[in-house]
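Chemist: Following this message is one structure expressed as structure tokens.
Every read-out reported here was derived from the displayed coordinates using simple, explicitly stated rules and does not represent laboratory data. A quick note: this is a predicted structure, and the numbers were derived from the prediction, not measured. Cβ atoms come from the backbone with ideal geometry, glycine included; neighbour counts cover every protein chain shown.
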Amino acid sequence: MEKREKLYEGKAKAIFATDDPNHFIQYFKDDATAFNGVKKGTIADKGVINNLVTSKLMTILDAVGIPTHFVQRLNDREQLIRKVSIIPIEVVVRNVAAGSMSKRLGVPEGQQLPRPVLEFYYKADALDDPLIIRDHALVFGWATEAELAWIEAAVKRINDVLIGFFANIGIRLVDYKLEFGRLASDPSQVVLADEISPDTCRLWDFVTNEKLDKDRFRRDLGGVVEAYQEVARRMGVSGES
Ligand code: TMP
């Protein structure tokens, strides 16, 4: 597989073409932003850790029958992925109230929700990725009913698997953001895409409630690098080459 030109550069990742029209390379950067790019910084070796963490979680989900865009990790910062067109909806899954949900609804951070809550956000930087309702996605054609139904069913399984995986290493999966895409080779097939990492999840130590995720950067809590390293260490993915 030969790496070709850069096709897209986002805030935390870049996508490169390959000599195979159905495969891309996803490159993980150390750049960190928050509040839609208003706050900027870098987190040393974040890209390396997020590549390791995402690779492991995608592999686990693949093994339980969730189709993903992930093919294999290539090196420290790159992974081979199947080409997809991203559905322009961010799917946020919440098990515990925190972040924007707590702020918007006045619910204390840390309150366990009686069941997982699914939220949809429209991926549009110019609008700051607004919270939308399901019907907006349908009426504006961002996703079809069949795609949303598929995503909702997949999310239930993904959430069960991820909650269990993190609980096993002493981490509470508070909330996280998922993205899905349509395969270039068969657009009728939706797959899990993007990343699942401490950038896109809230991960709290089960015993101490210490935050082991990007909130340490967003909220200037310090110990950002150490938190990412701790997640990788508990997942057994640190130190791999
Ligand atoms: P929120 O509480 O700020 O809405 O975030 C919910 C979850 O989604 C949290 O785990 C962080 C993740 N997230 C992203 O991955 N990207 C984003 O742009 C935002 C706003 C949140």
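Chemist: Rule-of-thumb check for region 136-200: C-alpha Rg over 2.2 N^0.38 Å?
Modeler: 1.29
Chemist: Between Thr144 and Val107, with labels modelled 7 Å along Cα→Cβ, what's the label distance in nm to one decimal, could you check?
Modeler: A separation of 3.2 nm, rounded to one decimal place.
Chemist: What is the gain in length, in nm to one decimal, between Gln72 and Val117 on full extension, counting 0.36 nm per residue of separation less the C-alpha to C-alpha distance?
Modeler: 13.1 nm
Chemist: How much length is gained if the chain between Met1 and Asp125 is pulled fully straight, taking 0.36 nm per residue apart and subtracting their Cα-Cα distance, in nm to one decimal?
Modeler: Full-extension gain reported as 41.4 nm.
Chemist: Further question: Want the number for Glu9 to Asn36: 0.36 nm per residue separation, take away the alpha-carbon distance, what's left?
Modeler: Separation in residues times 0.36 nm, less the Cα-Cα distance, equals 8.2 nm.
Chemist: Using bins 5 angstrom wide from zero, how does P(r) for region 70-222 break down, in % of all Cα pairs?
Modeler: 2, 8, 16, 20, 20, 17, 11, 5, 1, 0
Chemist: Take the Cα pairs of region 1-101, get the Kirkwood Rh, then feed it into Stokes-Einstein at 25 °C and 0.890 mPa s and tell me D in µm²/s.
Modeler: D = 163 µm²/s.
Chemist: Moving to a separate point now. Kindly provide the helix-only [θ] at 222 nm of the chain, computed as the sum of -39,500 (n - 2.57) over DSSP H runs of four or more divided by all residues, to the nearest 500 deg cm²/dmol?
Modeler: -9000 deg cm²/dmol
Chemist: May I pose another question? Rg/Rh for region 46-116 to two decimals, with Rh computed the Kirkwood way over all alpha-carbon pairs.
Modeler: The Rg/Rh ratio comes out at 1.09.
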